[in-house]
Structures are given as structure tokens and as C-alpha cells.
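K.L.:
Pasting a structure here, questions to come.
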Amino acid sequence: MKRHIPNFITCLNLFSGCVGIVFAFKGQLEYAGYAILLSAAFDFFDGMVARWLRTYSLIGKELDSLADVVSFGVLPAAILYKLFLQAPSVFAVDWLPYSAFLIAVFSALRLAKFNIDTRQSENFIGLPTPACALFIMSLPFIDGVAALALQNAIVLLIITLLLCFLLIAELPLLSLKFKDLSFANNRNRYTLIILGGILILFLNFAAIPLILIIYIVLSLLQFKTNHEVYRRD
């Protein structure tokens, strides 16, 4: 019985993603964003429970990717699509909102690449789909001057294309998996968690785009340092 528990949690991830899509197409983008958060929690716990129970399975790995395509690919694309519809295009191009679904396509490519890329056992190559989805879910929560910018369809198109590029880019990024709890071996991970916590405290979900930028910068700094140490050795 216990071997089915991680897959059940993965199915909850998928179910949450499907419900979120309904919220998105109804225009309830904040609720759709909460569904992404819930899916991300289930996505975290299914792997943790599988490791704890020692119930690894090939079907679990495939099911996880299929669920992630919906929760972190189609759902954020639906949110972005609704944002496009709310933002009049400078060029009045009718098909422009459909470009949001490139996020779903490139997320699927990212997940397929991850499943066969042996280099990503400890760190990531390209932006993880949950990070991309969390970035998009934060957009409806942004207010002020930044919110005005998000009412421009060209800005949304630029964001879409940039995220698609990051999903499949040969860009080394940190994994938040800790092998141990020492500060020396996890300096950048702790830095990201502390800065992220402070930003969330003051900016709520609007902090997520800033956290993503910090995440990429810290990753690049770490891998640049590691590369220099390797060359000296």
C-alpha cells in the first residue's frame, strides 16, 4: 500500500493544476495562482515521501512529469493568456494572446529534457518548471508602476519569450536539495532562502520575480567560482 502514497500525492498535484486551469479561464487569477502554490507543495512532498518510504518507481517518475506539464506548464500559460486578453496590444494583433501557450510547450520540452539528462542529478540545467510557474503566478499580485507595465501586451510577450528561453537554456542553476546542513557547502542556498524570506515578508507574492533574479545570479556566481577552482586544480 505504501508504494502508492507518493503517486497519490502526485495525482493531487495534477488535480490541483486542473482546478487551477478552471479558475484561470474564469478570470480568477489569484485563485489560479494559489492552485500553483498547492501543486508546488504536492510536487515537493511526493519526492520527499518517496525517498522516505524508499518507494521509487518508473511510473512515479513519468506520472510526476505528466502532472508537472499540467500544473507548471498549462496552468501558468492559461494565467498568462488571460493577462494578455486584459492588456490591449499596441499592434492589435488578435493571435498575440495565444503566444502564452508557448510556456506549456517549452515546459513540456524542459521536463522531457530533464528526464533523459544525466547531468541534472544534483543541479539543474535550465529554469525548473515550478520556478517558471511561480514567476507567472506572481504577476496578478503585482501592483503600482510594475502593474501598469504588465498591462502592455508587448511586455507580456517579452516575458513569455524570455521564460521560454530560460526553460531550455544550457544554464546551470542551483538545486535546493541539501546534502548536508553546513553553511560552507550551502552558502548560496542559505543566502537565497534568507533573502527570499525577507522579500516575501515585505512584498508578498510580488517578490517572486526579484527572487528569481537573485536565484539566477547566485547560481551563475557559484558555478563560475566552481569552474575557476576546477581550472586551478
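All of the numbers you see were taken from the coordinates with simple rules; none came from a lab. Bear in mind that the values here come from a model prediction, so they are computed numbers and not experimental data. Methodologically, a virtual Cβ is constructed for each residue, glycine included, from the backbone with ideal geometry; neighbour enumeration extends over all protein chains shown.
K.L.:
Find which of Asn7, Ile103, Ala24 sits farthest along the positive direction of the dipole of segment 2-172, computed with +1 on the beta-carbon of Lys and Arg, -1 on that of Asp and Glu, about the Cα centre.
P.N.:
Value: Asn7.
K.L.:
Also, quick follow-up: Taking the Cα centre of segment 2-172 as origin, sum charge times position over the Cβ atoms of Lys and Arg (+1) and Asp and Glu (-1), and report the length of that vector in debye to the nearest 20.
P.N.:
Around 400 debye, computed over segment 2-172.
K.L.:
Taking only C-alpha pairs under 8 Å that are 6+ residues apart, what is the relative contact order of the chain in percent?
P.N.:
Relative contact order here is 19 percent.
K.L.:
To continue, here is another question. Which three extents, in whole angstrom, do the alpha-carbon atoms of segment 17-121 cover along their principal axes, largest first?
P.N.:
53, 28, 17
K.L.:
Scan around Leu173 for amide H atoms under 5 Å from its own, H built in the peptide plane at 1.01 Å from N, and keep only partners 5 or more places away or cross-chain.
P.N.:
Excluding prolines and chain starts, which carry no amide H, the hits are Phe124, Ile125, Gly126.
K.L.:
Could you give the length gained by full extension between Ile116 and Ala149, i.e. 0.36 nm per residue of separation minus their alpha carbon distance, to one decimal place?
P.N.:
Result: 8.1 nm gained on full extension.
K.L.:
What is the set of long-range amide H partners of Asn186 at a cut-off below 5 Å, with H atoms built 1.01 Å from backbone N?
P.N.:
So Asn186 has HN proximity to no qualifying residue.
K.L.:
Next question. Pop a pseudo-label 7 angstrom from the Cα along the beta-carbon direction at both Cys11 and Ser175 and give the gap in nm to one decimal.
P.N.:
Taking the two extended label points, one gets 2.7 nm.
K.L.:
Calculate how large, on average over all directions, the projected area of the Cα convex hull of segment 82-151 is; give the answer in nm² to one decimal. Before the final figure, lay out each step's value.
P.N.:
Details: hull surface 23.7 nm².
Directional mean of the projected Cα hull area for segment 82-151 stands at 5.9 nm².
K.L.:
Find the all-direction average of the projected area of the Cα convex hull for segment 137-220, expressing the result in square nanometres with one decimal place.
P.N.:
For the Cα atoms of segment 137-220, the hull's average projected area reads 6.5 nm².
K.L.:
What does the highest-first list of 128-134, 61-67, 47-53 look like by mean Cβ count within 10 Å?
P.N.:
128-134, 61-67, 47-53
K.L.:
At 24 Å minimum axial length over the Cα atoms and a Kyte-Doolittle cut of -1.0, report the qualifying DSSP H helices in the chain, or say none.
P.N.:
5-25, 29-53, 208-232
K.L.:
Considering only DSSP states other than H, G, I, E and B, which trypsin sites (Lys or Arg not before Pro) in segment 2-47 qualify as loop sites with at most 11 other Cβ atoms within 10 Å?
P.N.:
For trypsin sites (Lys or Arg not before Pro) across segment 2-47 that sit outside H, G, I, E and B with at most 11 neighbouring Cβ atoms in 10 Å, the list reads Lys26.
K.L.:
While we're here: Alpha carbons only, please: Rg and Dmax for the chain, in angstrom.
P.N.:
My reading of the Cα-based Rg and Dmax gives 18.2, 57 Å.
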